[in-house]
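Q: Structure provided below as structure tokens; questions to follow.
What follows is calculated from the coordinates using simple rules that are stated; it is not laboratory data. Predicted model only: the values in this text are computed from it and were never measured. Cβ coordinates were reconstructed from backbone atoms using ideal geometry, including for glycine residues, and neighbour counts include every protein chain displayed.
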Amino acid sequence: MSNVKAMPGVKATTSEPNQALIQALEDILSDAKAGILQSLMATGFRVDGLRMSCIIPHSNVYEVVGSLEFLKAEYMDNWTEPL
């Protein structure tokens, strides 16, 4: 059973490889292979409009929720236009 799920969304305007994404995933994989990274929550958006989500659980729910809230605020502050 896979913990990666696809959900519908907006289609991308390009299908060119995203080099920044590739580098980030390679860095994450390197940490996982070294035993440094032990849990992960991720979401990504595919060129066909599907949203991919992956959860490898972490034992402290408060750390997870705090991290998700930090990411949400970071995204809203840095990647959205002001109202």
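Q: For segment 33-72, what are Rg and Dmax over the alpha carbons, in angstrom?
A: Over segment 33-72's Cα set, Rg and Dmax evaluate to 12.3, 34 Å.
Q: Just flag the trypsin sites (Lys or Arg not before Pro) in segment 6-83 sitting in loop per DSSP whose Cβ has no more than 15 other Cβ atoms within 10 Å.
A: 11, 46
Q: Please report Rg (one decimal) and Dmax (integer) in Å for the Cα set of the chain.
A: Rg, Dmax (Cα atoms, Å): 14.7, 43.
Q: Then there's this: If I stretch the segment between residue 33 and residue 56 completely, what's the gain in nm (0.36 nm per residue apart, minus their alpha carbon distance), one decimal?
A: That pair, residue 33 and residue 56, stretches by 6.8 nm at full extension.
Q: So if R0 is 25 Å, what FRET efficiency would residue 13 and residue 67 give, r being the distance between their Cβ atoms, rounded to the nearest 0.05?
A: 0.25
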